[in-house]
Amino acid sequence: MKQLSYLILILLSLCPVLLVAQETAIEIIQIADDRARGVESSQGVMKMTIVRPTWQREITMKSWSMGSGYSLTLITSPARDKGTAFLKREGEIWNWQPSIDRSIKLPPSMMMQSWMGSDFTNDDLVRESSIVVDYEHKLIGEEEVEGLMCHVIELIPKPEAPVVWGKVVARIDKKDYLQLKTEFFDEDGFLVNTMLGKNIVELGGRLLPSRMEMIPAEEEGKMTIIEQQELLFDQPIKESFFSIQNMKQVR
């Protein structure tokens with residue numbers, strides 16, 4: 001009887017290890033994605049700094065999202081761009097340009113283009129594609145990033161998925177599911193951009209990298225930095241908030 005009790009205790013002590021070992025690549029990606037954007041919704045304030053060899057430019061913005069289907073981003077400065085907004089709703093991407101009093105529907109062909117002159121693409125900021133839904137996921141190893149041991153996960157786009165990358169390789173912290181390093185490859189397998197997650201702090205009640213650096217692979221001296229200044233998760237947002245009319249008047 002004592003031997004049986006000892007065996008049960010040993011098995012119970014191993015349960016967390018067994019559970020971690022059973023995690024699949026898609027489960028890890030799902031947890032990391034939910035942690036970064038919220039299960040129901042998120043809203044925040046960010047500053048983006050575009051760094052070039054001879055100049056820098058700062059853009060501040062507010063953002064709102066609900067699930068993976070709805071998002072709204074509003075530029076709050078500089079003055080020349082203030083009021084410009086980007087809306088994702090029901091698979092459509094819209095851009096409001098107050099300077100010309102016009103809303104423009106962005107075609108899928110524009111998702112790979114630079115967002116506001118930065119090293120992020122339109123797809124990166126409005127999240128047209130989903131890292132959970134639009135890719136096949138495979139655990140390919142582990143790697144240490146910033147002193148933290150990470151899962152290394154390869155993401156290959158599904159056929160006909162609306163994605164701009166040929167392959168993505170993500171490093172996700174094993175303990176807190178933080179997205180610490182992500183490499184983006186084109187359809188020919190060449191590295192295009194590397195995104196680094198840094199300055200881990202508490203945001204919206206959870207630990208997250210507050211600084212994201214997007215670094216082009218073959219353009220020395222170029223970088224775009226996004227710093228998360230405020231962040232709230234899972235606050236009530238109505239679907240009607242994400243409308244073309246509201247895109248024009250949100251503040």
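At a glance:
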item	result
Failed item, numbered, when Ile153 is tested on (1) of a type in the set (A, V, I, L, M); (2) modelled with pLDDT of 90 or more; (3) within 19 Å of Gly69 (Cα to Cα)	(3)
Qualifying residues in the range 63-89 (those that are at pLDDT below 90 and assigned to a loop (DSSP other than H, G, I, E, B)) - the one surrounded by the most Cβ atoms within 10 Å (Cβ to Cβ)	Ser68
Qualifying residue in the range 224-237 (condition: free of Cβ contacts under 8 Å to residues at least 60 places away in the same chain, crowded, with 18+ Cβ neighbours inside 10 Å and over 23 Å from Gly141 (Cα atoms))	no
Total residues in the range 113-129, condition of a type in the set (Gly, Ala, Ser) and either at pLDDT below 80 or not in a loop (DSSP other than H, G, I, E, B) (or both)	2
Members of the range 90-112 that are part of a strand (DSSP E or B) and either loosely packed, with under 11 Cβ neighbours inside 10 Å or in contact (Cβ under 8 Å) with a residue 60 or more places away in the chain (or both)	Trp94, Trp96, Arg102, Ser103
The lone exception for Leu178 - which of (1) surrounded by 18 or more Cβ atoms within 10 Å (Cβ to Cβ); (2) under 28 Å from Glu143 (Cβ atoms); (3) touching a Ser or Thr at 6+ places or on another chain (Cβ under 8 Å) it fails	(3)
Tally, over the range 159-218, of residues that are more than 30 Å from Glu90 (Cβ to Cβ), among the aliphatic types (A, V, I, L, M) and over 14 Å from the mean Cα position of the chain (by Cα)	6
Matching residues in the range 158-175 - criterion: being among the basic types (Lys, Arg) and crowded, with 22+ Cβ neighbours inside 10 Å	Arg171
Checking Arg52 against (1) modelled with pLDDT under 90; (2) surrounded by fewer than 20 Cβ atoms within 10 Å (Cβ to Cβ), the condition it does not meet	(1)
Residue within the range 139-157 that is buried (at least 20 other Cβ atoms within 10 Å of the Cβ), in contact (Cβ under 8 Å) with a residue 12 or more places away in the chain and of a type in the set (Asp, Glu) present	no
Answer residue from the range 27-62, given it is acidic (Asp, Glu) and outside any strand (DSSP E or B) and is farthest from Ser210 (Cα to Cα) among those	Glu27
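The values are calculated or read from the model by the stated rules, or taken from the named source; none is laboratory data. All of these numbers come straight from a predicted model, not from anything done at the bench. As a convention, Cβ positions derive from the backbone with ideal geometry for all residues, glycine included, and neighbour counts pool all protein chains shown.
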